[in-house]
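Shown next, in structure tokens, is the structure this report addresses.
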Amino acid sequence: MEHRDVVIVGAGPAGSTCAWKLRQSGLDVLVVDRASFPRDKTCAGWITPAVLEILQVAADHYGQGRVLEPIAGFRVGVIGGRSIEVPFDRPVSYGIRRCEFDQYLIERSEAEFRPGTAVTSLRRDGHHWTLNDQIEANVVVGAGGHFCPVAREINPRAGPEPAVVTQEAEVLLESGSERAAQPGVPEFYFTPDFKGYGWVFRKGLYVTVGLGRQDSNHLPGHVRTFLEFLESRGRGLGARRITWKGHAYLLYGSSRRNVVGEGIVLVGDAAGVAYPRSGEGILSAIESGRLAAETIAEARGDFGQGKLGTYPRRLRERFGQPTSARGISRVAPERLTAFIGRRLLGSQWFVRHVILERRFLHAA
Ligand SMILES: Cc1cc2nc3c(=O)[nH]c(=O)nc-3n(C[C@H](O)[C@H](O)[C@H](O)COP(=O)(O)OP(=O)(O)OC[C@H]3O[C@@H](n4cnc5c(N)ncnc54)[C@H](O)[C@@H]3O)c2cc1C
């Protein structure tokens, strides 16, 4: 039987940030992931500068040999309607590829890493956990994303959850289809009922296209309508077959999951902490990973719910009191929502200051 102070299940941005910080505290950490790395993750790969700041990653260093597309403008509109381009005078975000980004972070953490290892069983034995009948840990960090087995362990009766559902594809641009997406200017198009949005976004030689919604009704139909809309604008990806990947995740406020248990802490999508106003999940994954590491380090070996119980308070201090995400679509009938939404999206001021700066770029 092996033994570690902390075993982290999942090597996405939440798990690797937690590992990086715990290593700095001198703890004995093992990260396991069921995937072989580098691995793809269904994600558009848009990050705000705060991500690099918190991770203490210099953009020019990261950009050597990896995709780091500076973003200095956005195009925002409604599917089937008009759109507005809003330029900025500096890079306000970046585009990354998750296969590169996640590999970089787990290597940089300097934690012991075991890819290709799925956690299939978790058992409480006295004061520690036993994973897969092989590894003992004083603390287990659940960083396995939305379907994390550690999250299930402390939320056995979670039932159906109000997750954001998505379909996405990241494809290599073929010559002749460069018009599919303009470099440096991601495009967001809201669905007419404002319950979700589609995006098309160029990152180096790749383009990501996808759509996410807060209700799962007719998702493939919404994706088809979005692609037809792009096609009608001359922005199609050509005749190739696109392999779509689906995924779900919870927004902060809509998640009711317990995030701590006896010797357990959840981070990232396992905890349901993505930003409700934009769906950005990488930033909150690394922030929750950092807060979990601080909580574990400060517990100094006392890993009961008492000491680890300060973690939910830290999350609230950082992300605010959880309240269900509100939008005009929650309080107004669908046709009124569509009318108000279209009018607001026709205003440069509203798109720049409210949608982009306040909701997407955390200017407040
Ligand atoms: C289509 C889509 C687009 C998105 N676009 C963006 C975006 O542009 N910007 C943004 O900020 N956020 C975006 N998000 C959200 C973002 O991808 C997530 O919030 C983020 O990846 C969460 O990171 P994480 O570390 O919690 O989990 P993940 O990145 O999902 O990592 C979890 C890891 O756990 C591993 N794992 C799972 N189960 C087990 C097991 N049993 N044993 C061992 N390992 C296991 C998995 O293999 C995986 O590597 C998007 C999400 C989707 C679905």
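The values are calculated or read from the model by the stated rules, or taken from the named source; none is laboratory data. Nothing here was measured: the structure is a model prediction, and the numbers come from that model. Counting neighbours? That spans all protein chains shown, and the Cβs are built from the backbone with ideal geometry, glycine included. These accessible areas exclude ligands, DNA and RNA; they are computed on the full protein's heavy atoms, side chains included. Shrake-Rupley method; radii C 1.70, N 1.55, O 1.52, S 1.80 Å.
Quick notes on this one:
- Surface composition of the chain: carbon plus sulfur atoms hold 49% of the accessible area, using a 1.4 angstrom probe and ignoring ligands, DNA and RNA.
- DSSP bridge pairs, region 1-139: antiparallel proportion in percent, nearest 5: 60 percent
- Dipole moment magnitude, nearest 20 debye, region 18-140 about Cα centre, only Lys, Arg, Asp, Glu C-beta charged: 360 debye
- Heavy-atom accessible area ranking, 1.4 Å probe, most first, across Ser93, Ser83: Ser83, Ser93
- Applying the Karplus relation 6.51 cos²θ - 1.76 cosθ + 1.60 with θ = phi - 60° to region 307-319 yields 3J(HN,Hα) values of 6, 5, x, 6, 5, x, 5, 4, 4, 5, 4, 7, 9 Hz, where x marks Gly and Pro.
- Largest to smallest principal axis extent of the C-alpha atoms in the chain, angstrom: 62, 46, 37
- Counting only DSSP beta bridges with both residues in the chain, the antiparallel share comes to about 65 percent.
- Region 265-329, relative contact order [Cα under 8 Å, separation at least 6], %: 26 percent
- Calculated [θ] (222 nm, deg cm²/dmol) that DSSP helices of n ≥ 4 give over the chain, each run adding -39,500 (n - 2.57): -8000 deg cm²/dmol
- Cross-link partners of Lys203 among lysines (Cα-Cα below 28 Å; sequence separation of 8 or more within a chain): Lys41, Lys195, Lys245
- Treating each Cα of region 55-171 as an identical point scatterer and summing with the Debye formula, the log10 of I(q)/I(0) at q = 0.13, 0.14, 0.18 Å⁻¹ comes to -0.86, -0.93, -1.14.
- The protection proxy used here, the mean number of other Cβ atoms lying within 10 Å of each residue, ranks peptides 53-65, 106-118, 246-258, 310-322 as follows, highest first: 246-258, 106-118, 310-322, 53-65.
- Alpha-carbon centroids, region 260-303 and region 66-109: separation in whole Å: 24 Å
- Normalised contact order of the chain, rounded percent, pairs of Cα under 8 Å and 6 or more residues apart: 22 percent
- Across region 36-107 the C-alpha pair distances fall into 10 Å bins from zero in the proportions 17, 44, 26, 12, 1 percent.
- Take region 1-157 with all the other protein chains still there, run a 1.4 Å probe, and you get 43 Å² of accessible area per residue.
- The figure for Asp102 is an accessible area of roughly 0 square angstrom, using a 1.4 Å probe on the protein chains alone.
- Cα centroid separation, region 115-175 to region 176-224: 28 Å.
- With protein chains left intact and a 1.4 Å probe, residues in region 210-275 average 44 Å² of accessible area per residue.
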